[in-house]
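Novice: Here's a structure for you.
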Amino acid sequence: MSRAVAVREWAQRSAVGVATFQPSMFAKLGGAVERVTGIGGVFFRSSEPERLAAWYAQHLGLNCSPQGDVVWQQEAGPTVWAPFPQDSDYLGRPEQQVMLNFRVRDLDAMLAQLHDAGIDPDDEVVEAAGIGRFAHVRDPAGTRLELWEPPDDR
């Protein structure tokens, strides 16, 4: 399954929203800086996703499911907590067990800023109707990260 198809499938089964942007004191340093606005989802592999989802629900009260179709409502905004199957390629390389999804206000501005720093997306921007736009980048350790621009009505 291609990453674009995986993003669309995740997006179609998710019901995530948008946190209100809170400027930080760091925006004053050197002018406006495009930044992530929150965590849009945490995805990780598990050899037993159903059991792990049940454990988080039972012991931490965290709403989650192996399908990623349950949203954990936080004070700052919704976040998906979803154990993916151990063999999922959605998270990147096999040894990467977790991928963070960061909400952004303007994906194009964020990607331009990253490009200017020599960081380009792994693949094309994917748009999922009613869910938003997605892109993937890697940090210096090679960890795949997801950037998500929710639609204006979220």
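The values are calculated or read from the model by the stated rules, or taken from the named source; none is laboratory data. Predicted model, so just to flag it, every value in this text is computed and none were measured. Note: ideal-geometry Cβ built from the backbone for every residue, glycine included; neighbour counts use all protein chains shown.
Novice: Which of the residues that make up region 54-65 are small (G, A, S) and at pLDDT below 75?
Specialist: Selection gives G61 alone.
Novice: Still on this structure: Are any of the residues in region 66-74 part of a strand (DSSP E or B), over 24 Å from E34 (Cβ atoms) and without any contact (Cβ under 8 Å) to a residue 12 or more places away in the chain?
Specialist: For region 66-74, residues part of a strand (DSSP E or B), over 24 Å from E34 (Cβ atoms) and without any contact (Cβ under 8 Å) to a residue 12 or more places away in the chain: present.
Novice: Follow-up. W81: without any contact (Cβ under 8 Å) to a residue 40 or more places away in the chain, closer than 18 Å to I39 by Cα, among the hydrophobic types (A, V, I, L, M, F, W, C) and buried (at least 16 other Cβ atoms within 10 Å of the Cβ), yes or no?
Specialist: no
Novice: Could I ask something else about it? Only one of these is in contact with a Lys or Arg (Cβ under 6 Å, 6 or more places away or on another chain), of a type outside the set (V, I, T) and either over 19 Å from T37 (Cα atoms) or surrounded by 12 or more Cβ atoms within 10 Å (Cβ to Cβ) (or both): R133, R144. Name it.
Specialist: Checking each option against the conditions leaves just R144.
Novice: Hey, can you tell me all the residues within region 113-130 that are aliphatic (A, V, I, L, M), in contact (Cβ under 8 Å) with a residue 12 or more places away in the chain and out of contact with any Lys or Arg (no Cβ under 9 Å at 6 or more places or on another chain)?
Specialist: Residue satisfying the conditions is L114 alone.
Novice: Would it be correct to say that R51 is basic (K, R), within 15 Å of the chain's Cα centre (by Cα) and at pLDDT 75 or above?
Specialist: Considered against the rule, which asks whether it is basic (K, R), within 15 Å of the chain's Cα centre (by Cα) and at pLDDT 75 or above, R51 comes out as no.
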